[in-house]
């Protein structure tokens, strides 16, 4: 059974949209709050969206998440100023 089996198309789309918005917020703020688990979740959601024959706006991943290997060891980390 799929992890998204009992969820509506609308809910699946909203979950993907939420992650996309958070990635955009990170990019605008210059932070790295969204990480590899969110990327993996978004990938699973995208596959489910495609399986259902739906369409969504793609997520533009920042460089530290664009590499599917998830290797982020050599990238700088910016912190949030208080």
| query | Given the structure, is residue 44 more than 27 Å from residue 9 (Cα to Cα), surrounded by 14 or more Cβ atoms within 10 Å (Cβ to Cβ) and at pLDDT 85 or above? | reply | no
| said: Name the single residue that is surrounded by the most Cβ atoms within 10 Å (Cβ to Cβ) among those in region 8-41 being at pLDDT below 95 and not in a helix (DSSP H, G or I). | reply: 34
| note | Within region 68-77, of all residues that are under 17 Å from residue 26 (Cα atoms) and surrounded by 11 or more Cβ atoms within 10 Å (Cβ to Cβ), the one modelled with the highest pLDDT is 72
| request: Check whether at least one residue in region 48-56 is in a loop (DSSP other than H, G, I, E, B), at pLDDT 85 or above and under 15 Å from the mean Cα position of the chain (by Cα), and report yes or no. | output: yes
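The values are calculated or read from the model by the stated rules, or taken from the named source; none is laboratory data. Only a predicted model underlies this, so the values are computations on that prediction, with no experimental measurement involved. Positions of Cβ are backbone-derived with ideal geometry, glycine not excepted, and every protein chain shown enters the neighbour counts.
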